[in-house]
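The values are calculated or read from the model by the stated rules, or taken from the named source; none is laboratory data. No experiment lies behind these values; they were computed from the predicted model shown. Virtual Cβ from ideal backbone geometry, glycine too; neighbours counted across all protein chains shown.
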There are 2 protein chains.
Amino acid sequence: MESNRNLCFQAILAYLFSPMRKLTHDEIAQKRVKTDEVETAERIPVTVVVDNVRSLYNVGSIFRTSDGAMIQRLVLTGYTPQPPRKEIEKTALGATISVPWEYVKNPVDAIHSLKEQGFKICCLELTDRSRPYYAMHSSDFPLGLIIGNEITGISKDIVAASDFAVEIPMFGVKQSLNVAVAYGVAVFELSRLWRMNRSGPCPP
Amino acid sequence: MESNRNLCFQAILAYLFSPMRKLTHDEIAQKRVKTDEVETAERIPVTVVVDNVRSLYNVGSIFRTSDGAMIQRLVLTGYTPQPPRKEIEKTALGATISVPWEYVKNPVDAIHSLKEQGFKICCLELTDRSRPYYAMHSSDFPLGLIIGNEITGISKDIVAASDFAVEIPMFGVKQSLNVAVAYGVAVFELSRLWRMNRSGPCPP
């Protein structure tokens, strides 16, 4: 009993005074969802409409990020390219398999369908009443998040059809972020928000 | 007096019941720092060390994101490519001008220099004791944030030399995010944290 306590104490001391250690590939893999578990794994109640995103690399990156946050589904609309394309795979790295997706030509149809299912619609866009991305609420779930074209953003009619908009507060000279980066910032906030409200208060 | 009140009331009603409106390019430009103000504009006390990031497009994206969050400085180390390169400009879109940067061959030299200036050193990496990215504190400023290679991440010796590590909690099958996306998630949390602590409580 006494020797067990000593061993435990020594192990804690060793951990506290050892340098921080990078995890190995296998250690990380153990923390992840396995490929054969992905169909039943938990997903956050967020469907993302990707309208008129032109770059194949951005679409691939959006798939990879969507896997990381484990959103429900991607809806590709307009001229957004669809898998399989080798340029999408270059940045998606297999996430086109783990993230459910569909193609709907008209984004307004996709939005109406989400509204009928009880989703609130949020566009990631600079509007006359956008909230900061960190001012979303747990009452905003289930959420349909819209992201748009690299240059022109989300079209005016989709903005007008949305329930609200969020933006990433910007402090430099550039107008906006790359769409795949902006999406990452917004969707990981949604991931944090959903999981925090499901499992108690946020860590400090 | 009475008619002014009526006009004001009507304007509020018109705003509340009008559809949300996308900002124009000029309206957004008015909210941004002007090119000739960039040298004196406020920056968050964060210097980012970009070690061995191979892709020119990722480096450009990191510049663009750094402009958006208005960090102090980028330190490019190892084989991270440096401006001017047309592929960097393709994704930086001019942010190589607005974001101060320097090249230091050895990342450990850059880290030691930051430590001497009183910076805490944080690596964005999966380690045996990484915190979630949203568990950084205002006491962590001024902060040296390290980001590393697209495939292999941050080298073991840099991890061991860091004060702490943060990670983006991942819930899918993929091991990690694209480095430019992960950096965006982390640095905008730092931007939010710094500006929140400087100007009162966080919006709801």
Go through (1) surrounded by fewer than 23 Cβ atoms within 10 Å (Cβ to Cβ); (2) polar (S, T, N, Q); (3) part of a loop (DSSP other than H, G, I, E, B) for A:Thr80 and report which single condition fails. (1)
What number goes with the only condition from (1) touching a residue at least 40 places away in the same chain (Cβ under 8 Å); (2) crowded, with 20+ Cβ neighbours inside 10 Å that A:Thr35 does not pass? (2)
Of the residues in the stretch A:119-130, those that are basic (Lys, Arg) and more than 8 Å from every other protein chain (Cβ to nearest Cβ) come to A:Lys120
Out of (1) out of contact with any helix residue (DSSP H, G or I) (no Cβ under 8 Å at 6 or more places or on another chain); (2) at pLDDT below 95, the odd one out for A:Thr152 is which? (2)
Subset of the stretch A:1-59 (residues that are part of a strand (DSSP E or B) and either more than 10 Å from every other protein chain (Cβ to nearest Cβ) or of a type in the set (Ser, Thr, Tyr) (or both)): A:Pro45, A:Val46, A:Thr47, A:Val48, A:Val49, A:Val50, A:Asp51
Among (1) more than 28 Å from A:Tyr183 (Cβ to Cβ); (2) surrounded by fewer than 18 Cβ atoms within 10 Å (Cβ to Cβ); (3) under 18 Å from the mean Cα position of the chain (by Cα), B:Asp128 falls short only on (3)
Return yes or no: is B:Ile97 closer than 21 Å to B:Ala69 by Cβ, among the β-branched types (Val, Ile, Thr) and buried (at least 21 other Cβ atoms within 10 Å of the Cβ)? no
Has the stretch B:108-120 got any residue that is surrounded by 14 or more Cβ atoms within 10 Å (Cβ to Cβ), within 17 Å of B:Leu193 (Cβ to Cβ) and of a type in the set (A, V, I, L, M, F, W, C)? yes
Could you tell me which residue of the stretch B:160-202 is farthest from the other protein chains (Cβ to nearest Cβ), considering only residues that are outside any loop (DSSP other than H, G, I, E, B) and in contact with an Asp or Glu (Cβ under 6 Å, 6 or more places away or on another chain)? B:Val179
Given (1) under 19 Å from A:Ser66 (Cα atoms); (2) without any contact (Cβ under 8 Å) to a residue 60 or more places away in the chain; (3) surrounded by fewer than 23 Cβ atoms within 10 Å (Cβ to Cβ), B:Val185 misses just (3)
Just a yes or no: is a residue in the stretch B:158-167 without any contact (Cβ under 8 Å) to a residue 24 or more places away in the chain and buried (at least 22 other Cβ atoms within 10 Å of the Cβ)? no
Whether any residue in the stretch A:134-144 is touching a helix residue (DSSP H, G or I) at 6+ places or on another chain (Cβ under 7 Å) and either within 7 Å of another protein chain (Cβ to nearest Cβ) or of a type in the set (Lys, Arg) (or both) is what I want to check. yes
Of everything in the stretch A:148-176, what is over 24 Å from B:Val187 (Cα atoms) and in contact with a Pro (Cβ under 7 Å, 6 or more places away or on another chain)? Give them in sequence order. A:Ile158, A:Ala160
For the stretch A:95-118, which residues satisfy the criterion of being assigned to a loop (DSSP other than H, G, I, E, B), under 18 Å from A:Glu42 (Cα atoms) and touching a Pro at 6+ places or on another chain (Cβ under 8 Å)? none
